[in-house]
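A.B. asks: Here's a structure for you.
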Protein chains: 2
Amino acid sequence: MQEKSFRVLLEEWSDMAWKEYIPHISIDCVVFGFHDSLLKVLLLKIKDQDLWGLPGGYMGKVEVIDYAANRILMERTGAKDIYLQQFKIFTELNRSEDFFKDYPDSLWHKQRFVSVGFYALVNFADVVPVTDPFSDTCEWVDINNIPAMMMDHRQIFDDALLTLRRQLNYEPIGNKLLPEKFTMPELQKLYEIILGKKLNRGNFYRKMTGYDILDKQDESRKGGAHKSPNLYKFNNEKYTAALKEGFKEGW
Amino acid sequence: MQEKSFRVLLEEWSDMAWKEYIPHISIDCVVFGFHDSLLKVLLLKIKDQDLWGLPGGYMGKVEVIDYAANRILMERTGAKDIYLQQFKIFTELNRSEDFFKDYPDSLWHKQRFVSVGFYALVNFADVVPVTDPFSDTCEWVDINNIPAMMMDHRQIFDDALLTLRRQLNYEPIGNKLLPEKFTMPELQKLYEIILGKKLNRGNFYRKMTGYDILDKQDESRKGGAHKSPNLYKFNNEKYTAALKEGFKEGW
């Protein structure tokens, strides 16, 4: 059985889209995955092309945008409860028109689309990437080794990473990414990987303690060559409050 | 000469809008104004109704969204260089359909619209509010005394205020809102008015100094009953860098 080409698939899909979705508005998701000291992003390789793209889609006529973003991501990952955050809307002229210039003007995708960017940080051990009909593969790619991307998807990725890094200054991070109990150096390592730089150990300890979201455990990590480091857990109540209201240490 | 009613104006305007703008996407601007220890927001009173709304509009077929937001705001304020920031997209079902339910289905405004929220903080002494054709007045309203608002505009306002308050944790604020030279208590007062709460003087001084965006002047404020407080200026270079990269004191 011969597989349908990208072009045929797209033109078939277009007719359905005009009926189902709100035109001119799309969604692109930047899903960062963390596990075992690696930070990756979920990308799809476009069929018949040497280009990669972010998982994305459109908003149903009776969907709110957060619901649509979660539906799109569930289709790509099987994961139901990913906490996606809107971060920016991308509206450059001809971002979609140019990419589909060889297609008829009536093609859904060739209209002017503005895209709402969402991002999430998940434990990639919890996610099973699923390829969509327009793609050869869907996989985790090292953030330091991003391949050529379609349209303005590289820009969307860059802006999401910037937003994630800024988020470290006003929201807690790390729940579900680290084991239930972790050491301060393990938490610091997570921050360093996201930021792409080394942090001072004393400053990190002082600042993190100031945020008041950790419960120190009466145990330490056994078995290392050095003094056993203390174990910590996130305090769920304080962690949730900080997510909602920002850090206590803030203004 | 009899003035045209809201209904007649709207139906005339609708025909033009279908030609000029991208459907389904609107813009709402939450403009906070600060001056002389007061924080206000710019609102329009809707013609023939006891409801107020945010300055808003639509995106031209060849406009990017930041340009459109600035154009809309210039029409309402005469101000050209207001730094507007996107903060959220509002997509609740029936947010526009219900408000215009007594109008024909073909009315531009009765389509499903998702609205991109922008906010700005300006010196309201620099701005001259201008009424639009659909409104009786355009004026600065105390943020503690917000009147009944159309559609989901109250929600948009609340989310913008939350975003502005969070912004204090990761970006500098105050340039153009305070005189060129100001005292630390004057800067603290600005933060207190935005946050709606008192701050500890010693903590404020320590934290603000840590941000490293101020140049202490060799002058103090003369004439008060107490010890003359030192004057400060924002260091433009450091202020701009912090706007772009976040505070040095961050991670």
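A.B. asks: Among the residues of segment A:11-29, are any modelled with pLDDT of 95 or more, of a type in the set (A, V, I, L, M) and under 17 Å from the mean Cα position of the chain (by Cα)?
C.D. replies: Taking every residue of segment A:11-29 in turn, at least one turns out to be modelled with pLDDT of 95 or more, of a type in the set (A, V, I, L, M) and under 17 Å from the mean Cα position of the chain (by Cα).
A.B. asks: On to the next question. Which number in (1) more than 13 Å from the chain's Cα centre (by Cα); (2) away from chain B (no Cβ under 12 Å) marks the one condition that A:N94 misses?
C.D. replies: The failed condition is (2).
A.B. asks: Further question on the same structure: Could you list all residues from segment A:83-111 that are more than 30 Å from A:L168 (Cβ to Cβ), among the basic types (K, R) and buried (at least 17 other Cβ atoms within 10 Å of the Cβ)?
C.D. replies: Once the filter is applied, which keeps residues that are more than 30 Å from A:L168 (Cβ to Cβ), among the basic types (K, R) and buried (at least 17 other Cβ atoms within 10 Å of the Cβ), segment A:83-111 yields only A:K110.
A.B. asks: Another question about this same structure. Restricting to segment A:39-63, count the residues that are free of Cβ contacts under 8 Å to residues at least 40 places away in the same chain and surrounded by 16 or more Cβ atoms within 10 Å (Cβ to Cβ).
C.D. replies: The number of residues fulfilling the criteria is 3.
A.B. asks: A follow-up question, please. What number of residues within segment A:20-33 are open to solvent by less than 30 Å² (accessible area, probe 1.4 Å) and over 13 Å from A:G174 (Cα atoms)? Full working, then the answer.
C.D. replies: So the first thing to find is which residues in segment A:20-33 are open to solvent by less than 30 Å² (accessible area, probe 1.4 Å), and the list is A:22-23, A:25-33.
If we keep only those that are over 13 Å from A:G174 (Cα atoms) too, we end up with A:22-23, A:25-31.
Counting residues in segment A:20-33 that are open to solvent by less than 30 Å² (accessible area, probe 1.4 Å) and over 13 Å from A:G174 (Cα atoms) gives 9.
A.B. asks: Could you say which residue among B:I173, B:I213, B:I194 is of a type in the set (A, V, I, L, M), closer than 30 Å to A:N200 by Cα and either within 13 Å of another protein chain (Cβ to nearest Cβ) or without any contact (Cβ under 8 Å) to a residue 40 or more places away in the chain (or both)?
C.D. replies: None of the others qualify; the one that does is B:I173.
A.B. asks: Let me ask something else about it. Would you check if B:D36 is closer than 27 Å to B:S5 by Cβ and either within 14 Å of chain A (Cβ to nearest Cβ) or open to solvent by 30 Å² or more (accessible area, probe 1.4 Å) (or both)?
C.D. replies: When the stated conditions are applied, B:D36 does not pass them.
A.B. asks: For the condition in a helix (DSSP H, G or I) and open to solvent by 10 Å² or more (accessible area, probe 1.4 Å), what is the one hit in A:K189, A:K176? Steps first, please.
C.D. replies: On the way: A:K176 fails: in a helix (DSSP H, G or I).
Only one candidate qualifies: A:K189.
A.B. asks: All but one of (1) open to solvent by 30 Å² or more (accessible area, probe 1.4 Å); (2) in contact with a Leu (Cβ under 8 Å, 6 or more places away or on another chain); (3) modelled with pLDDT of 90 or more hold for B:R154; state the number of the condition that does not hold.
C.D. replies: Just one mismatch for B:R154, condition (2).
The values are calculated or read from the model by the stated rules, or taken from the named source; none is laboratory data. What you are looking at is a predicted structure, and each value in this text was computed from that prediction instead of being measured. Here Cβ is always computed from backbone atoms with ideal geometry, including for glycine, and neighbour counts include all displayed protein chains. Note: areas computed on protein heavy atoms with side chains; ligands, DNA, RNA excluded. Shrake-Rupley method; radii C 1.70, N 1.55, O 1.52, S 1.80 Å.
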